[in-house]
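The values are calculated or read from the model by the stated rules, or taken from the named source; none is laboratory data. Quick caveat, the model's predicted, so the values are computed rather than measured. Cβ placement follows ideal geometry from the backbone for every residue including glycine, while neighbour counts extend to all protein chains displayed. Side chains included, ligands, DNA and RNA excluded: accessible areas come from the protein's heavy atoms. Shrake-Rupley method; radii C 1.70, N 1.55, O 1.52, S 1.80 Å.
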Amino acid sequence: MRAAVMRANNAPLGLEEVVIDDPGLREVLVKTAASGICHSDLTVIEGGLPVPPPCILGHEPAGIVEAVGEGVTDFAPGDHVIGCVTAWCGVCKFCTSGRPYLCLTQYAGRAAGAKPPLTAADGTPIGQFANLSSFAEKMLCPERSLVKIRDDMPLDRACLIGCGVTTGLGAALNTVHIPAGASVVIVGCGGVGLAALQGARIVGAGKIVAVDAQPWKFELARRLGATDCVDATQGDPVAAVHRVTSGGADFVFECIGLVRTVEQAIAMTGRGGTTVLVGVVPITEKVAISAADVTLQEKKITGSYMGSNRFRFDMPKYIDFYLDGRLHLDEMISSRIGLDEVNGAFDRMRKGEVARQVIVFV
Ligand SMILES: NC(=O)c1ccc[n+]([C@@H]2O[C@H](COP(=O)([O-])OP(=O)(O)OC[C@H]3O[C@@H](n4cnc5c(N)ncnc54)[C@H](O)[C@@H]3O)[C@@H](O)[C@H]2O)c1
Ligand SMILES: [Zn+2]
Ligand SMILES: [Zn+2]
């Protein structure tokens with residue numbers, strides 16, 4: 001099969017013929033229909049998340065089951081599925097206490113010494129990213145990385161739910177509880193931020209302020225529910241948010257992953273408010289916060305990983321939201337491209353020219 005392989009950091013992905021193994025115990029072979037491109041893929045390419053090359057990236061897929069391995073009970077050939085990064089074991093303390101997205105086995109892959117799922121034409125192993133590797137015509141996934149979805153859901157939109165939508169929407173719906181009428185700020189209107197913004201709208205937030213450095217995003221943000229917009233390149237965005245929210249917001253979602261914007265997000269949070277860190281700051285960097293500010297104003301800071309998802313429960317619900325008109329996905333897709341255009345897509349993402357780009361396989 002054809003796949004886009006990361007052979008080195010900070011270099012273009014190369015299109016290669018890759019060999020994918022047959023499904024083994026509790027594994028499912030999926031024909032990839034579509035894969036969104038998430039900023040976390042770019043963070044890996046740029047070395048901000050430790051994933052060694054060679055590796056096939058891509059972790060926002062939807063597809064159709066082609067074959068199932070021994071012991072698979074939840075899927076059959078022909079099923080439409082979404083793949084998710086947060087595979088779960090079902091028995092650890094995180095899984096059994098209702099937070100399967102924190103399960104420590106989620107990146108375990110095949111047992112040590114087993115045949116690798118992906119190999120180059122010369123037989124050398126190629127790493128699989130998050131049990132998915134969706135920049136490829138097929139994926140070999142543990143069944144607990146997948147959820148079956150309705151057949152009437154278009155797969156080129158379903159894929160967005162695999163990472164960005166679940167991450168942003170779930171940050172607003174699962175990680176925190178936003179009371180109706182509360183003020184919400186979204187810092188960064190990419191795929192993740194626009195999904196958090198829609199979550200705020202769905203739960204009935206009051207003011208919803210979109211902050212971005214690309215003013216063209218504001219028309220889109222308003223269509224998806226923003227009441228106010230702040231151009232981060234014009235003056236001080238923290239002061240602008242304080243003006244619009246009368247002294248700081250009840251909830252601020254940082255959806256970029258830069259030290260500077262995390263600091264701004266905490267400063268945009270009002271007394272008693274909550275900062276939700278959704279963007280992934282490169283692991284080599286540290287953020288300075290005023291502890292006194294957090295204590296004396298009783299601010300809360302929380303991380304939000306993959307929308308605090310229980311994805312077999314959440315994703316079919318998000319699809320219902322789309323099909324009943326509450327969740328807007330069509331507007332979030334800036335372009336549909338072929339796998340051979342993936343490097344250009346990362347260039348456009350670096351420049352902030354897009355909301356979400358989707359690779360469509362034929
Ligand atoms: N927490 C999680 O589980 C999780 C899951 C997926 C992605 N992420 C992370 O979420 C973040 C966003 O991902 P995405 O795919 O939406 O990214 P994206 O590149 O599509 O969007 C980023 C947005 O931030 C804007 N921006 C950049 N610099 C800015 C600045 N200084 N001020 C204001 N706006 C600025 C860009 O214009 C763009 O609209 C990334 O850090 C990604 O790694 C986290
Ligand atoms: Zn992602
Ligand atoms: Zn577990």
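Running Debye on region 315-357 with equal point scatterers at the Cα sites and no solvent, what base-10 log of I(q)/I(0) appears at q = 0.22 Å⁻¹?
Here log10 of I(q) over I(0) equals -0.75.
Go through region 31-128 and name the GluC sites (Glu not before Pro) that are in a DSSP coil and have 11 or fewer other Cβ atoms within 10 Å of their Cβ. Don't jump to the answer; show the numbers that get you there.
On the way: sites: Glu46, Glu66, Glu70; in loops: Glu46, Glu70.
Passing sites in region 31-128 are Glu70.
For a quick check of your reading of the filter: which chymotrypsin sites (Phe, Trp or Tyr not before Pro) in region 65-147 sit in a DSSP loop and have no more than 15 other Cβ atoms within 10 Å?
Numbers: sites: Phe75, Trp88, Phe94, Tyr101, Tyr107, Phe129, Phe135; in loops: Phe75, Trp88, Tyr107, Phe129, Phe135.
Here the sparse-neighbourhood loop sites are Tyr107.
Can you quote the Å³ per residue value for the convex hull of the Cα atoms in region 6-80, rounded to an integer?
Numbers: hull volume 8.5 nm³, N = 75.
Per-residue hull volume (Cα only) is 113 Å³.
Obtain the nm distance between the two label points defined at Ala112 and Asp21 by a simple spin-label model: each point lies 7 Å from its Cα along the Cα-to-C-beta direction.
1.6
Thr274's amide H: which non-local residues (gap 5+, or another chain) put their own amide H closer than 5 Å, with H modeled 1.01 Å from N in plane and none for Pro or chain starts?
Amide H neighbours of Thr274, under 5 Å, 5+ apart: Phe251, Val252, Lys300.
Please give the per residue accessible area of region 97-165, computed with a probe of 1.4 Å over protein heavy atoms only, in Å².
Details: 2810 Å² over 69 residues.
Heavy-atom accessible area per residue stands at 41 Å².
Can you say what percent of the DSSP beta bridges in the chain, counting only those with both residues inside, are antiparallel? Round to 5. Could the numbers behind the result be given before it?
Numbers: 32 of 59 bridges.
Counting only bridges with both partners in the chain, antiparallel ones make up about 55 percent.
Rg and Dmax of region 289-337, using alpha carbons, in Å: what are they?
That works out to 17.8, 50 Å for Rg and Dmax.
In whole angstrom, how far apart do the alpha carbon centroids of region 209-236 and region 26-76 sit?
Centre-to-centre distance over Cα atoms comes out at 32 Å.
Set the bar at 21 Å for Cα to Cα. Now go through Lys217/Lys351; Lys115/Lys138; Lys286/Lys351; Lys207/Lys299; Lys31/Lys148 and name every pair that lies beyond it. Working shown, then result.
Values: Lys217/Lys351 13 Å; Lys115/Lys138 17 Å; Lys286/Lys351 24 Å; Lys207/Lys299 19 Å; Lys31/Lys148 14 Å.
Exceeds cut-off: Lys286/Lys351.
Divide by every residue of the chain the summed helix terms, -39500 (n - 2.57) for each DSSP H run of at least 4, and state the resulting mean residue ellipticity at 222 nm, rounded to the nearest 500 deg cm²/dmol.
Working: 11 runs with 92 residues, N = 362.
So the calculated ellipticity at 222 nm is -7000 deg cm²/dmol.
Let me check the size of region 119-194 from its C-alpha atoms; what are the radius of gyration and Dmax in Å?
Just the Cα atoms of region 119-194 yield Rg and Dmax of 17.1, 59 Å.
Can you give me the % of accessible surface on the chain that is carbon or sulfur? Probe 1.4 Å, all protein chains present, nothing else counted. Could the numbers behind the result be given before it?
Details: 8030 of 14650 Å².
In the chain, the share of accessible area belonging to carbon and sulfur is 55 percent.
Would you please classify the overall shape of region 267-362 from the alpha carbon gyration tensor, given that a ≥ b ≥ c denote the square roots of the eigenvalues, rounded means a/c under 1.5, and beyond that prolate means a/b larger than b/c while oblate covers the rest? Don't skip to the end; give the middle numbers.
Details: a/c = 2.66, a/b = 1.57, b/c = 1.69.
Oblate is the answer for region 267-362, as a/c is 1.5 or above yet b/c matches or exceeds a/b.
What is the log10 of I(q)/I(0) for region 107-234, computed with the Debye formula using one identical point scatterer on each Cα and no solvent, at q = 0.09, 0.10, 0.17, 0.18 Å⁻¹?
After summing over all Cα pairs, the log10 values are -0.40, -0.48, -0.92, -0.96.
Report the rotationally averaged projected area of the chain based on its alpha-carbon convex hull, in square nanometres.
On the way: hull surface 69.3 nm².
Approximately 17.3 nm², given one-decimal rounding.
Give me Rg/Rg_expected for region 248-301, where Rg uses Cα atoms only and Rg_expected = 2.2 N^0.38 Å with N residues.
Numbers: Rg = 10.5 Å, N = 54, 2.2 N^0.38 = 10.0 Å.
In units of the 2.2 N^0.38 Å rule of thumb, it is 1.05.
To two decimal places, what compactness ratio does region 33-180 give when its Cα radius of gyration is scaled by 2.2 N^0.38 Å? Provide the component values of the computation, followed by the final result.
Details: Rg = 15.8 Å, N = 148, 2.2 N^0.38 = 14.7 Å.
My calculation over the Cα atoms of region 33-180 gives 1.08.
Would you mind computing, in nm to one decimal, how far apart the modelled labels at Asp74 and Asp152 are, each placed 7 Å from Cα along Cα→Cβ?
2.5
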